[in-house]
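What follows is a single structure, written as structure tokens, with notes after it.
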Amino acid sequence: MKVKVLSRNPDDYVRETKLDIQRVPRNYDPTLHPFEVPREYTRALNATKLERVFAKPFLASLDGHRDGVNCLAKHTKSLSTLLSGSCDGEVKVWNLSKRECVRTLQAHEGFVRGMVVRFCGTSFFTVGDDKTIKQWKMETPGYGEEEEPLNTILGKTVFTGLDHHQKEGVFATCGQQVDIWDEQRSSPIRSFTWGVDSFSAVRFNPVETELLGSCASDRSIVLYDMRESAPLKKVIMTMRSNTLCWNPMEAYYFTCANEDYNLYTYDMRHLEKPLMVHMDHVSAVLDVDYSPTGQEFVSASFDKTVRIFPRDAGHSREVYHTKRMQHVICIKWSSDSKYILSGSDEMNIRLWKANAAEKLGVLAPREKEAANYSQKLKEKFQNHPQIRRIARHRHLPKSIYHQTKELRVMKDARRRKEMNVRKHSKPGAVPVVSEKEKHVVTVVK
């Protein structure tokens, strides 16, 4: 019988003395270069450094408002059209490719509280402090025509938010209650209340178009189904949520912007704890908007910064700030996923790149290839300490930097205290509560 065995001759790989050079098995295939990894690492390092050198996210500032910008609305059919409403009741329509205001109208007395473009793009709705809902034509009125709304509805109380259905002529407003309106009627077809005195935001789900979410003043987020007569359920948190945004690609997921400096992504089927807590802001988060891809979202905060978060990461990948920008009140991610628009307290709308180092304009095929290659290299070596340090590094304003440090110290102190209490208590008396569960008080169905 013949037995096959693997035989290795120690002379091929064992050194004769300690001073000999180690024998390295070498593959002579020309495509497998012995220094391939060190070369690629160097290229990845250079690509990461160049990315930070070319990171110039700020594109333009649209000025013309005479008071703080309170709300923004994207056109549903045109990429280059943006609508903005300010605190003095003025609405402006902007052409983003020319970066100029094409139309101004005095829509309300007092603040413009909410604004939304109809799904067909032919008209838009505004709500204001004067208790009215107004529908306006999208086209600029012709020569000699008056700037008149197509339709005006006078409500009983002040409306604080507004959103339109994705497919039908139905819209929702919130104020002291959440109302569902038909465009043809002057009174709401359905009203939802759940023992709350006021709501700050209402949003239709872009996928499951009959679902809505709203943020209430009693620190709760309430979910509704338009086909039902009562709200579905609500989750009460430790602090108030300012607004929420549904993920356009995942029907059940939404992210809410909270007063406790964090954002929370929930699955509406399991509201007991959030899927992810997104931390980095050092002041209340005022607005949030998803990228059309559903992979990332952008948040605007009272701490004068704009941050971009991957939907499944706890910390932001990018932070934008300028010396002049004050509290950022509203934020939108453009429908082509390339730009971010922020409206802030000091009357300006700013246009940013979603990818800070991205080259704009038409790219030659070689440029595209080079960009894709360096992107893949950065992904391959992203966990190397040197590359990670360079890619993550951001310059922050001094105040935010110090506040972040202070918050970290406070958090560590709280954690230490909790551990000490647990150490000196009866086993099991002080249970370990995860960061996700800490912020949810209860779920009511």
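The values are calculated or read from the model by the stated rules, or taken from the named source; none is laboratory data. No experiment lies behind these values; they were computed from the predicted model shown. Every residue, glycine as well, gets a Cβ built from its backbone with ideal geometry; the counts of neighbours run over all protein chains shown. Just so you know, the surface numbers come from the protein's heavy atoms only, side chains and all, with ligands and any DNA or RNA stripped out. Shrake-Rupley method; radii C 1.70, N 1.55, O 1.52, S 1.80 Å.
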task: State whether the residues of segment 45-62 include one that is open to solvent by less than 90 Å² (accessible area, probe 1.4 Å), of a type outside the set (Phe, Trp, Tyr) and on the phi > 0 side of the Ramachandran plot.
output: no
- request: Among residues belonging to segment 1-54 that are part of a loop (DSSP other than H, G, I, E, B) and touching a residue at least 12 places away in the same chain (Cβ under 8 Å), point out the one that is nearest to Pro385 (Cα to Cα).
  value: Phe54
- prompt: Given the structure, is Lys378 touching a Ser or Thr at 6+ places or on another chain (Cβ under 9 Å) and either among the basic types (Lys, Arg) or open to solvent by 60 Å² or more (accessible area, probe 1.4 Å) (or both)?
  reply: yes
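If you check Pro397 against the conditions, is it out of contact with any helix residue (DSSP H, G or I) (no Cβ under 6 Å at 6 or more places or on another chain) and open to solvent by 70 Å² or more (accessible area, probe 1.4 Å)? Before you say what the answer is, go through the steps one by one.
Values: out of contact with any helix residue (DSSP H, G or I) (no Cβ under 6 Å at 6 or more places or on another chain): yes; open to solvent by 70 Å² or more (accessible area, probe 1.4 Å): no.
No.
Considering only residues that are among the hydrophobic types (A, V, I, L, M, F, W, C) and in a loop (DSSP other than H, G, I, E, B), look in segment 144-168 and name the one that is nearest to Ser186 (Cα to Cα).
So in segment 144-168, the residues among the hydrophobic types (A, V, I, L, M, F, W, C) come out as 150, 153-154, 158-159, 162.
Then drop every residue that is not in a loop (DSSP other than H, G, I, E, B), which leaves 150, 158-159.
Working: Leu150: 13, Val158: 16, Phe159: 15 Å.
Ranking the candidates gives Leu150 first.
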query: Given the structure, is Ser191 among the small types (Gly, Ala, Ser), open to solvent by 60 Å² or more (accessible area, probe 1.4 Å) and over 30 Å from Glu435 (Cα atoms)?
result: no
statement: Scanning segment 400-445 residue by residue, those among the basic types (Lys, Arg), under 30 Å from Lys233 (Cα atoms) and open to solvent by less than 100 Å² (accessible area, probe 1.4 Å) turn out to be Lys436, Lys438
- prompt: Applying the selection to segment 63-72, what residues are open to solvent by 90 Å² or more (accessible area, probe 1.4 Å) and either assigned to a strand (DSSP E or B) or in contact with a helix residue (DSSP H, G or I) (Cβ under 7 Å, 6 or more places away or on another chain) (or both)?
  reply: Asp63
field: Scan of segment 201-225 for residues that are over 18 Å from His164 (Cβ atoms), polar (S, T, N, Q) and surrounded by 17 or more Cβ atoms within 10 Å (Cβ to Cβ), ordered by number
entry: Ser220
field: Matching option when the condition is crowded, with 18+ Cβ neighbours inside 10 Å and hydroxyl-bearing (Ser, Thr, Tyr), among Thr152, Thr140, Thr126
entry: Thr126
task: Residue by residue through segment 247-259, note down the ones that are open to solvent by less than 40 Å² (accessible area, probe 1.4 Å) and assigned to a loop (DSSP other than H, G, I, E, B).
output: Asn247, Ala251
query: Out of segment 260-302, which residues are within 14 Å of Val328 (Cα to Cα) and either open to solvent by 10 Å² or more (accessible area, probe 1.4 Å) or not in a strand (DSSP E or B) (or both)?
result: Tyr261, His281, Val282, Ser283, Ala284, Leu286, Asp287, Asp289, Phe302
message: Can you tell me which of (1) surrounded by fewer than 19 Cβ atoms within 10 Å (Cβ to Cβ); (2) among the hydrophobic types (A, V, I, L, M, F, W, C); (3) touching a Leu at 6+ places or on another chain (Cβ under 8 Å) is the one Ala230 doesn't meet?
response: (3)
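State yes or no: is Val319 open to solvent by 60 Å² or more (accessible area, probe 1.4 Å) and β-branched (Val, Ile, Thr)?
Values: open to solvent by 60 Å² or more (accessible area, probe 1.4 Å): no; β-branched (Val, Ile, Thr): yes.
No, not satisfied.
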task: Answer yes or no as to whether Ser337 is at pLDDT 95 or above, within 23 Å of Gln295 (Cα to Cα) and of a type in the set (S, T, N, Q).
output: no
- prompt: Which number in (1) assigned to a loop (DSSP other than H, G, I, E, B); (2) of a type outside the set (D, E, K, R); (3) surrounded by 13 or more Cβ atoms within 10 Å (Cβ to Cβ) marks the one condition that Gly361 misses?
  reply: (3)
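Among the candidates Ile308, Ile387, Ile331, single out the residue that is out of contact with any Lys or Arg (no Cβ under 9 Å at 6 or more places or on another chain), surrounded by 14 or more Cβ atoms within 10 Å (Cβ to Cβ) and either in contact (Cβ under 8 Å) with a residue 40 or more places away in the chain or part of a strand (DSSP E or B) (or both). Give the derivation first.
Numbers: Ile308 fails: out of contact with any Lys or Arg (no Cβ under 9 Å at 6 or more places or on another chain); Ile387 fails: out of contact with any Lys or Arg (no Cβ under 9 Å at 6 or more places or on another chain).
Of the residues listed, the single one that is out of contact with any Lys or Arg (no Cβ under 9 Å at 6 or more places or on another chain), surrounded by 14 or more Cβ atoms within 10 Å (Cβ to Cβ) and either in contact (Cβ under 8 Å) with a residue 40 or more places away in the chain or part of a strand (DSSP E or B) (or both) is Ile331.
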